[in-house]
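The values are calculated or read from the model by the stated rules, or taken from the named source; none is laboratory data. This is a predicted model, so every value here is computed, not measured. All Cβ positions, even for glycine, are placed from backbone atoms using ideal geometry, and neighbour counts span all protein chains on display.
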Amino acid sequence: MANLIDKDDIKIIIIDDDEDIRINTVDLLSTKFKQVEAYSSPKKIIDKISVGLPVVILTDLRMPDADGFEFAKKVHDIDPDLPVILMTGYGDISIAVDALKHGIYDFIEKPFEIERLMDSLHRAIEKRMLTLSLLDMQQKLDDNRNIEHQLIGFCPGMKQLKRDIVDLAPMAIPVMIYGETGSGKELAARCLHAYSNSSEANFVALNCAAIPEQLAEAELFGYKKGAFTDAKNSRVGKLEYAKDGTLFLDEVESLSLATQAKLLRALSDNVITPIGSNQEIKINCRIISATKDDLRNNENFRQDLFFRLQVAEIKIPPLRERKEDIVHLFEVFSIQNCKTLGTNYRPITPYTLEKLLAYSWPGNVRELINVTTRYAIKHCSDIDYALESEETIVDLDDRSKTLKELVENYESSVIKLKLHEHKGKVGKVLDELSLERRTFNQKLNKYGINTSDFKSKN
């Protein structure tokens, strides 16, 4: 089995109160091992011991202010598998037996033979490498199990996504997430943070598209009281607030070129200067970005910033390419929504299955969640209603449409929804919408709506 950690990653820690021995031992071991440190007392190292630490300890038995046995016990209370090699000039069989009882990995007599010491250290390092490899694999196994509950799906694209997240999460490198609107980019970013070594620190999300250009700098870098008219109090910027954690820049392509330049400078120097301040503040956070666009050779996005943000990339497949996942997702979210709303879950019929698979899902998983919510409502019990409601929804953020077009789209949507609710019964629609029949007929003609399409077929 290949080790997931190299022997050069293992540090040898020497503990001995005799300065000459420390110096000589460090000089000797440094010729064979890459990392060697020495301390005069266990008290100086015990607080640094933690589970999974890549170290091997070589300690003296008898020291004026400490006992090697007691130190070993404290170490093994923290990490039972950490190898501790004991050195003593008072060696006899009883001490060796006691050493083994205390979980000591090996026992070396002073003055020690170089070959004997080297052999013991090599074996201890091999043992530590194996232990850490198993810990790493167990952690990845646990992460894979946990991530299955967060990122639902079994298609090849989702399997690859989960593998990428588990592999990249421990690496403190920038990651670019590609995915369409509603595909789950923020969820993927949160998983990267959750399975990282900085999971206890802040995860800070910033939707770059929702920030007015003139406020982007203030959001990222913060500002001091009085820096501008509305700055009544100082505010910490997102880059500073994400200290030691993760800053998630959603829709990063929406940042202006001017803001991109300032962000690049901050990431290059690892410092920011809040608006209204002359004092630089050091920053230390992982940047995870998300975009629905291909930013390569994009004239509206700085390529130097792109290469800094995309050290690694993750791609989330759109729902229309995840046919094998759609039914499972629909069932999971429908059951959840039924529990929330206090309604009874209705198993998927062949007709429902056909409709789900035929639909294009332009809004991806977010849209599917909306559909399952409507499906869970008692009076919205059929899949046709749930999907037609989604298909007729008005996108008020569509800047390509005029106000008149948005109003007309909304009016058409409401009429269709009410006709569907009342199964094509015009009288009930007229009463609910307070419309005269003549006006209603004019609107039907205007929007090309046929009431017979909504009448019950039962």
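Checking every residue in segment 286-298 against the condition of being surrounded by 13 or more Cβ atoms within 10 Å (Cβ to Cβ) and more than 21 Å from the chain's Cα centre (by Cα) gives at least one match.
Determine if segment 223-230 includes at least one residue that is within 22 Å of Glu313 (Cα to Cα), in contact (Cβ under 8 Å) with a residue 12 or more places away in the chain, in a loop (DSSP other than H, G, I, E, B) and touching a Ser or Thr at 6+ places or on another chain (Cβ under 8 Å). No, every residue in segment 223-230 fails to be within 22 Å of Glu313 (Cα to Cα), in contact (Cβ under 8 Å) with a residue 12 or more places away in the chain, in a loop (DSSP other than H, G, I, E, B) and touching a Ser or Thr at 6+ places or on another chain (Cβ under 8 Å). Restricting attention to segment 51-73, the residues that are within 36 Å of the chain's Cα centre (by Cα), modelled with pLDDT under 90 and either among the aromatic types (Phe, Trp, Tyr) or at negative phi (or both) total 1. Restricting attention to segment 369-377, does a residue exist that is part of a helix (DSSP H, G or I), touching an Asp or Glu at 6+ places or on another chain (Cβ under 6 Å), of a type outside the set (Ser, Thr, Tyr) and surrounded by 18 or more Cβ atoms within 10 Å (Cβ to Cβ)? Yes, segment 369-377 has at least one match.
Here the condition is being without any contact (Cβ under 8 Å) to a residue 12 or more places away in the chain and closer than 30 Å to Lys315 by Cβ; of Arg286, Arg265, it holds for Arg265 alone.
Residue-wise test of (1) in a helix (DSSP H, G or I); (2) more than 28 Å from His149 (Cα to Cα).
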site	(1), (2)
Asn233	no, yes
Glu240	yes, yes
Ile288	no, no
Asn297	no, yes
Glu324	yes, no
Ser334	yes, no
Cys338	yes, no
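Of the candidates Glu324, Glu313, the single residue that is in contact (Cβ under 8 Å) with a residue 60 or more places away in the chain, exposed (fewer than 14 other Cβ atoms within 10 Å of the Cβ) and closer than 21 Å to Lys159 by Cα is Glu324.
Of the residues Lys404, Lys378, Lys355, the single one that is at pLDDT below 75 and farther than 24 Å from Leu187 by Cα is Lys378. None of Glu180, Glu213, Glu186 is assigned by TED's automatic domain parsing to the domain that holds Gln303, in contact with a Leu (Cβ under 9 Å, 6 or more places away or on another chain) and within 26 Å of Leu368 (Cβ to Cβ) except Glu180.
When you look at Lys185, is it touching a residue at least 40 places away in the same chain (Cβ under 8 Å) and either buried (at least 17 other Cβ atoms within 10 Å of the Cβ) or more than 11 Å from the chain's Cα centre (by Cα) (or both), yes or no? For Lys185, the condition - touching a residue at least 40 places away in the same chain (Cβ under 8 Å) and either buried (at least 17 other Cβ atoms within 10 Å of the Cβ) or more than 11 Å from the chain's Cα centre (by Cα) (or both) - is met. Checked across segment 11-30, the condition of being in a loop (DSSP other than H, G, I, E, B), of a type in the set (Asp, Glu) and surrounded by 15 or more Cβ atoms within 10 Å (Cβ to Cβ) holds for at least one residue.
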